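Colleague: Okay, here's the structure, questions in a sec.
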Amino acid sequence: MSPNVVADPWQAAFDARPARADEPAGLRAKREAGLQHFRRLGFPTRRIEEWRNTNVSHLARSEWHVSPRPSADEIRQAATLLDHPHASPSARSGRMVFVNGWHVPELSDLESLPVGVHVAALAESTTEVDARLGELVTGEENAFQALNAALWTDGAYVRVARDVELVDPLQLVFLMVGDRPHALSQPRILIHGEVGSRLPVLLGWHGQTEAVCIENAAIEVELEEGARVDMLEIQDLPQSTNLFTGLRVHQAKDSLFTACGIAAGAKLARHDLYVHLDAEGAACRVDGITVVSGRQHLDVVTNIDHAQPHGSSEQLYK
């Protein structure tokens with residue numbers, strides 16, 4: 001074997017990932033489980049029913065590298081994208097900005113958040129977050145979610161306290177910039193709505209790069225009784241980018257989850273949505289519109305699980 005060939009590139013990426021010095025054993029165990037799930041699953045092929053419309057074979061042939069923390073030049077480039085209204089409209093209820101999968105405090109603004117809305121970066125997470133993270137997105141059945149479970153670098157933790165209602169949307173903005181070839185950005189989002197809370201979220205995927213790269217995100221939403229989350233997602237990434245998002249929602253009694261996705265960018269984008277209506281009165285509505293041209297490929301796969309009676313769901317995609 002050539003000395004330049006890595007025998008197991010994913011193990012090498014796992015060992016080399018930027019990790020917290022105080023990462024607890026439980027969180028590391030979840031990471032290791034994610035790596036083992038990915039080894040077992042491998043990159044999906046079109047022989048798998050759920051992936052017959054999405055071809056990722058070209059990605060499987062390349063070696064990918066987890067994006068390091070952004071450089072000063074990349075942060076400056078990202079800052080210029082925030083000048084565009086589509087990337088960052090008025091942030092009256094707070095804005096959290098990530099560059100290549102890493103939180104950038106100097107581009108974020110969380111000062112306007114009301115009491116009862118807690119937002120933090122996962123790279124600086126607490127014991128409370130460590131216990132909840134990975135309970136919904138384990139990666140047991142989805143290779144890209146498994147890869148995120150193993151190699152996520154940073155992300156957002158959002159908790160809305162009991163009966164607190166946020167009026168204007170919290171913005172979570174993810175920007176891909178720079179010229180690093182085969183960069184793999186691995187953000188993660190954990191949202192927890194306590195009893196009777198309400199949270200509108202604006203989730204944005206934007207970028208400015210000509211390098212072939214992957215943005216691979218995992219999103220977990222936990223709703224307690226009577227809680228509500230309304231999510232608007234806008235994606236206009238450059239066409240050198242491949243985007244994979246796995247969104248899993250768990251709903252308690254009388255909770256409501258709504259999501260609307262608007263996608264026009266990326267060369268290849270795949271959105272996997274799983275909603276678990278786990279109590280009576282739980283309801284969800286998921287909608288989306290995609291605008292594509294040329295050789296773009298955008299795929300949305302939904303799974304709404306009515307695990308308990310007297311729940312309701314609606315979905316409409318164009």
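The values are calculated or read from the model by the stated rules, or taken from the named source; none is laboratory data. Just so it is clear, the structure is predicted and the values come from calculations on it, not from any experiment. Virtual Cβ from ideal backbone geometry, glycine too; neighbours counted across all protein chains shown. SASA here: full protein model, heavy atoms, side chains in, ligands and nucleic acids out. Shrake-Rupley method; radii C 1.70, N 1.55, O 1.52, S 1.80 Å.
Colleague: Could you derive backbone 3J(HN,Hα) for the range 54-68 from the dihedral phi with the Karplus parameters 6.51, -1.76 and 1.60 (θ = phi - 60°), listing whole Hz in sequence and x where the residue is Gly or Pro?
Modeller: Here the 3J(HN,Hα) series is 10, 9, 10, 4, 5, 6, 5, 7, 9, 9, 10, 10, 4, 4, x Hz.
Colleague: Could you tally the net charge around VAL104, taking each other residue with its Cβ under 10 Å from the Cβ of VAL104, Lys/Arg +1 and Asp/Glu -1?
Modeller: Working: positive: ARG69; negative: GLU74, GLU106, ASP154.
Net of charged neighbours comes to -2.
Colleague: So, with a 1.4 angstrom probe, what is the percent of accessible area on the chain that is carbon and sulfur?
Modeller: Here carbon and sulfur together make up 50 percent of the probe-accessible area.
Colleague: Taking 35 Å as R0, compute the FRET efficiency from the Cβ-Cβ separation of ALA72 and LEU110 and round it to 0.05. It would help to have the intermediate numbers written out before the result.
Modeller: Working: r = 22 Å, r/R0 = 0.62.
Taking R0 as 35 Å, the efficiency between ALA72 and LEU110 is 0.95.
Colleague: Another question, then. Residue by residue, what Karplus-based ³J(HN,Hα) values in Hz, rounded to whole numbers, does the range 36-52 have, using 6.51, -1.76 and 1.60 with θ = phi - 60° and x for Gly and Pro?
Modeller: With coefficients 6.51, -1.76 and 1.60, one gets 5, 4, 5, 4, 5, 7, x, 4, x, 10, 6, 6, 7, 3, 5, 10, 5 Hz.
Colleague: What net charge do the residues around VAL164 carry, taking every other residue with its C-beta under 15 Å from that of VAL164, with Lys and Arg at +1 and Asp and Glu at -1? Each step should come with its number before you reach the end.
Modeller: On the way: positive: ARG159, ARG162, ARG198, ARG228; negative: ASP163, GLU165, ASP168, GLU194, GLU224, GLU225, ASP230.
Value of the local net charge: -3.
Colleague: I've got another one for you. Can you work out the FRET efficiency for the pair GLN239 and THR80, with r the C-beta to C-beta distance and R0 = 25 Å, to the nearest 0.05? Could the numbers behind the result be given before it?
Modeller: On the way: r = 19 Å, r/R0 = 0.77.
E(calc), rounded to 0.05, equals 0.85.
Colleague: Now, a different point. Hey, got the dipole for the chain? About the Cα centre, +1 on K and R Cβ, -1 on D and E Cβ, debye to the nearest 20? Spell out each step's value before the answer.
Modeller: Working: 29 positive and 43 negative charges, 185 e Å.
Dipole of the chain, to the nearest 20 debye: 880 debye.
Colleague: Sticking with this structure for a sec: Using 7 Å Cα-to-Cβ label points, what is the HIS306/VAL195 separation (nm, one decimal)?
Modeller: Inter-label distance under the simple model: 2.8 nm.
Colleague: May I pose another question? Taking only protein heavy atoms into account and a 1.4 Å probe, give the accessible area per residue of the chain in Å². Don't jump to the answer; show the numbers that get you there.
Modeller: Details: 14230 Å² over 318 residues.
Result: 45 Å² of accessible area for each residue.
Colleague: Using a Gaussian network model of the chain with C-alpha springs under 10 Å, which one of ARG31, ARG61, ARG132 is most mobile by mean-square fluctuation?
Modeller: ARG61
Colleague: Could you compute the net charge surrounding LYS267? Neighbours are other residues with a C-beta less than 13 Å from the C-beta of LYS267; K and R count +1, D and E count -1.
Modeller: Summing Lys/Arg as +1 and Asp/Glu as -1 gives -2.
Colleague: Pull up all non-local amide H partners of ARG228: gap of 5 or more, or a different chain, and H-to-H distance under 5 Å with H placed in the peptide plane.
Modeller: Residues meeting the criterion, in which the H sits 1.01 Å from N, are SER197, ARG198, LEU199, LEU256.
Colleague: How high is the relative contact order of the chain, in percent, with contacts defined as C-alpha pairs under 8 Å that are six or more residues apart?
Modeller: On the way: 791 pairs, mean separation 43.3, N = 318.
Relative contact order of the chain: 14 percent.
Colleague: Let me ask you something else. To the nearest 20 debye, what is the magnitude of the charge dipole of the range 171-318 about its Cα centre, counting +1 on the Cβ of each Lys and Arg and -1 on the Cβ of each Asp and Glu? Let's see the in-between values first.
Modeller: Numbers: 11 positive and 19 negative charges, 97 e Å.
So the dipole magnitude of the range 171-318 works out to roughly 460 debye.
Colleague: Only helical DSSP H runs with n ≥ 4 go in: add -39500 (n - 2.57) per run for the chain, normalise by residue count and round the 222 nm mean residue ellipticity to 500 deg cm²/dmol.
Modeller: Values: 6 runs with 54 residues, N = 318.
After summing the helix terms and dividing by residue count, I get -5000 deg cm²/dmol.
Colleague: Okay, moving on. What is the set of long-range amide H partners of GLY134 at a cut-off below 5 Å, with H atoms built 1.01 Å from backbone N?
Modeller: none
Colleague: Excluding ligands and nucleic acids, what accessible area in Å² is computed for LYS267 using a 1.4 Å probe, to the nearest 10?
Modeller: My reading of the accessible area for LYS267 is about 100 Å².
Colleague: Say we join alpha carbon atoms closer than 10 Å with springs in a Gaussian network model of the chain; which of PHE43, PHE98, PHE144 then has the biggest fluctuation?
Modeller: Result for the chain, Cα springs under 10 Å: PHE43 fluctuates most.
Colleague: Let me ask something else. Heavy atoms only, 1.4 Å probe, whole protein assembly: order VAL115, VAL229 by accessible area, highest first.
Modeller: Details: VAL115 140, VAL229 0 Å².
The ordering from most to least exposed comes out as VAL115, VAL229.
Colleague: Can you list residues from other chains, or at least 5 along the same chain, whose modelled amide H is less than 5 Å from the amide H of ILE191?
Modeller: For ILE191, whose amide H was placed from the backbone, the distant partners under 5 Å are VAL158, GLU220, VAL221, GLU222.
Colleague: What does the extension gain come out to for ARG61 and ALA131, with contour length at 0.36 nm per residue minus their alpha carbon separation?
Modeller: On the way: separation 70, 0.36 × 70 = 25.20 nm, distance 3.51 nm.
That pair, ARG61 and ALA131, stretches by 21.7 nm at full extension.
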